[in-house]
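*Asks:* Structure provided below as C-alpha cells; questions to follow.
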Amino acid sequence: MHVSGTPPRPTPEPAANAEVKDVSKVVESNVTNRRQAMKCLLWGGAGVLWTFAGGVPRPLRLGGEAEAGEVRGFTFGQISDSHIGFKAGAHPSAEDTLADAVAQMAAMQPQFVIHSGDVSHLSAAEQFAVAGEIMQGVKRDVFYVPGEHDTIGDDGKLFFERFGRGHGTGGWYSFDAHGVHFVGLVNVVNLTSTGLGSIGAAQIAWLKNDLKGRASSTPIVVFAHMPLWSIYPQWGWGTADAAPVLATLRRFGSVTVLNGHIHQVIQKVEGNVTYHTAYSTAFPQPAPGVGPGPGPLKVPADELKAMLGIRRLEVVSDRVALTDKTLAQ
Amino acid sequence: MNFSSRGFRPILTLAAMSIAVVCATALVPGSRAAVAEAAAPAPAPAAAAAAVSTMQSDITIDSYMFRPAVVTIAKGTTVVWVNKDDDVHTIKSKAGPEAFSSPALPTGSRYGFTFKRAGTYRYICSVHPYMHGVIVVR
C-alpha cells in the first residue's frame with residue numbers, strides 16, 4: 001500500500017467501486033458527447049474500453065475484475081493554506097472558514113484529503129492542535145506537507161511531530177492508492193536568499209530512488225506547498241531546484257503537481273505534467289506582482305468566501321480531473 | 001456543494017487533459033490592491049528586549065521591507081522592530097558578530113535585540129528571505 005508514510009485507511013465509498021458498474025458509467029457519460037468520445041476513446045469491440053496509460057493504449061475490461069495494479073476511479077480532496085491563527089481587521093477567523101471548508105469536503109466523501117501546507121499562521125503548537133481538530137471533520141485520512149508558516153523558528157519540528165508521524169527524516173514521503181503513486185515533498189525548509197522554495201539534494205536523491213523501477217504508466221501525484229514552477233520569483237513564488245525533480249518525473253505519462261502558497265488557482269500544462277496551485281481557506285492573496293507584496297488581500301466581507309475554496313480531484317484511468325469550488329458555492 | 005455532473009464527467013484520455021484544465025477555475029482576478037492594515041492591534045511587549053538600554057533605535061516592517069534598511073547605532077543600543085504588515089515576519093541574523101532570531105511576529109508585534117559588539121550585522125525575515133536589513137554597530 002505504501003512506501004513510507006501512513007497509508008490511507010481503506011474507506012468504503014460507493015463511488016470508488018470502479019468495477020463493472022462504474023466503468024459503464026464512464027462510457028455512458030462520455031458518449032453523451034459523441035465527438036469527444038470518438039476522439040478520446042478507442043473501442044476494441046464490445047466489452048473492452050481502451051484507455052491511454054503513458055501514451056500506450058491498454059484495455060480495461062468491462063464485465064470483469066480490473067487487473068491487479070490497474071488504476072481505479074476514485075476521488076480525493078485538497079485543502080490548502082488554512083493559516084490557523086490568522087486574524088486581520090474584520091476578517092472572520094481562519095478557524096471558521098476552515099470549518100466551512102471541512103464541512104464541504106466531508107460532504108464530497110473523498111477517499112482521503114491532502115493538505116498542502118500553511119496549516120498554521122505562526123507555527124504555534126496550539127494552532128497545529130486546533131487545525132488538526134478541525135480537519136478531523138473530513139472524517140478521512142489527511143496527508144500533510146508543511147508550508148513556510150509551519151516551519152518558523154524550528155524547521156517544522158512541531159509540525160512534523162503532529163502531522164508527520166511515520167514520515168522519514170526530512171518529512172517527505174510517498175504512498176500508493178488505487179494504482180496512483182502520491183509523493184509529498186517538503187520545499188519550505190532552507191528557503192533560498194531570494195525567498196524561493198528549496199528541495200535539496202537529499203530529497204531529490206530520495207525521490208529518484210522512490211520512483212526507480214516504477215512503470216512509466218503509473219500516474220503520479222506530487223504535492224508540495226510552494227509552487228514547483230516559477231510563478232513570481234520576486235515574491236518567492238517558485239522553487240529554486242524544481243528542475244531536477246521535474247526531470248525525474250518527465251518519463252511518466254501522467255503527472256499532476258498540486259501546490260498551495262499563493263492562495264489562488266493558477267494552472268500550467270507542460271508535456272505530461274500539469275501544475276495547479278490552490279485556493280486558501282483563510283484569505284486571498286493578490287495576483288502575481290500586483291501591489292507591494294504578497295500580503296493578504298483585503299476584500300469586502302461578502303466577497304471573501306468567493307475567494308476561498310477547496311478542490312476535488314477525480315482519478316479515472318490514469319487521468320486526474322480537478323474541480324475547484326469556492327466556499328461561497 | 002453542487003458539483004454539476006458535467007464538471008465531473010470522468011475523463012479518460014490525453015485529449016481530455018486540456019478539458020480538465022479549461023473546466024477548472026481560472027486565475028483569481030487581481031484588480032484589488034492590497035491595502036495596508038489601518039488599525040494595528042496593540043503592540044505586544046518586546047519579546048527579547050530584556051536588556052535595559054537607554055538607547056533605542058526603531059525599525060518598521062512595512063510592505064515587506066525593513067525601514068530603514070540600514071541603521072548605524074552605538075554599541076549597547078537596543079533595536080526594536082515593529083511589524084506593521086498584515087503578514088507575519090521574523091528577524092533572523094545571517095552574518096555578524098552575534099546571532100539573533102525572533103519568534104514569528106504577527107501584525108502589530110515587536111521584537112528587540114541589544115547589540116553589545118561592534119561590527120556589521122546582516123539579517124533577513126526567514127519567512128520572506130528576500131527582505132534584507134543591515135545594522136552597523138560602532
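The values are calculated or read from the model by the stated rules, or taken from the named source; none is laboratory data. Keep in mind the model is a prediction, meaning the values are calculated, not measured. Positions of Cβ are backbone-derived with ideal geometry, glycine not excepted, and every protein chain shown enters the neighbour counts.
*Asks:* Looking for whichever is among the β-branched types (V, I, T), surrounded by fewer than 23 Cβ atoms within 10 Å (Cβ to Cβ) and over 28 Å from A:G293 (Cβ atoms) here; the options are A:V189, A:V265, A:V180. Which one fits?
*Replies:* The match here is A:V180.
*Asks:* Between A:A94, A:A101, A:A106, which is surrounded by fewer than 24 Cβ atoms within 10 Å (Cβ to Cβ) and within 14 Å of chain B (Cβ to nearest Cβ)?
*Replies:* On the way: A:A94 fails: surrounded by fewer than 24 Cβ atoms within 10 Å (Cβ to Cβ); A:A101 fails: surrounded by fewer than 24 Cβ atoms within 10 Å (Cβ to Cβ).
The unique qualifying residue is A:A106.
*Asks:* Moving to a separate point now. Collect the residues in region A:264-323 that are in a loop (DSSP other than H, G, I, E, B), closer than 17 Å to A:F223 by Cα, of a type in the set (A, V, I, L, M) and more than 7 Å from every other protein chain (Cβ to nearest Cβ), keeping them in residue-number order.
*Replies:* Scanning region A:264-323 gives a single hit, A:A278.
*Asks:* Also, quick follow-up: Hey, does region B:80-87 have a residue that's within 21 Å of A:P294 (Cα to Cα), more than 12 Å from the chain's Cα centre (by Cα) and either modelled with pLDDT of 95 or more or within 14 Å of another protein chain (Cβ to nearest Cβ) (or both)?
*Replies:* No: region B:80-87 contains no residue that is within 21 Å of A:P294 (Cα to Cα), more than 12 Å from the chain's Cα centre (by Cα) and either modelled with pLDDT of 95 or more or within 14 Å of another protein chain (Cβ to nearest Cβ) (or both).
*Asks:* Among the residues in region B:63-70, are any of a type outside the set (D, E), modelled with pLDDT under 95 and in a loop (DSSP other than H, G, I, E, B)?
*Replies:* Yes, region B:63-70 has at least one match.
*Asks:* For region A:117-139, what are the residues that are in contact with a Gly (Cβ under 8 Å, 6 or more places away or on another chain), of a type outside the set (S, T, N, Q) and surrounded by 21 or more Cβ atoms within 10 Å (Cβ to Cβ)?
*Replies:* A:G117, A:D118, A:V119, A:H121, A:L122, A:V138
*Asks:* How about region A:286-319: which of its residues are surrounded by fewer than 22 Cβ atoms within 10 Å (Cβ to Cβ), at pLDDT below 90 and hydrophobic (A, V, I, L, M, F, W, C)?
*Replies:* A:V299, A:A301 - these are the residues of region A:286-319 that are surrounded by fewer than 22 Cβ atoms within 10 Å (Cβ to Cβ), at pLDDT below 90 and hydrophobic (A, V, I, L, M, F, W, C).
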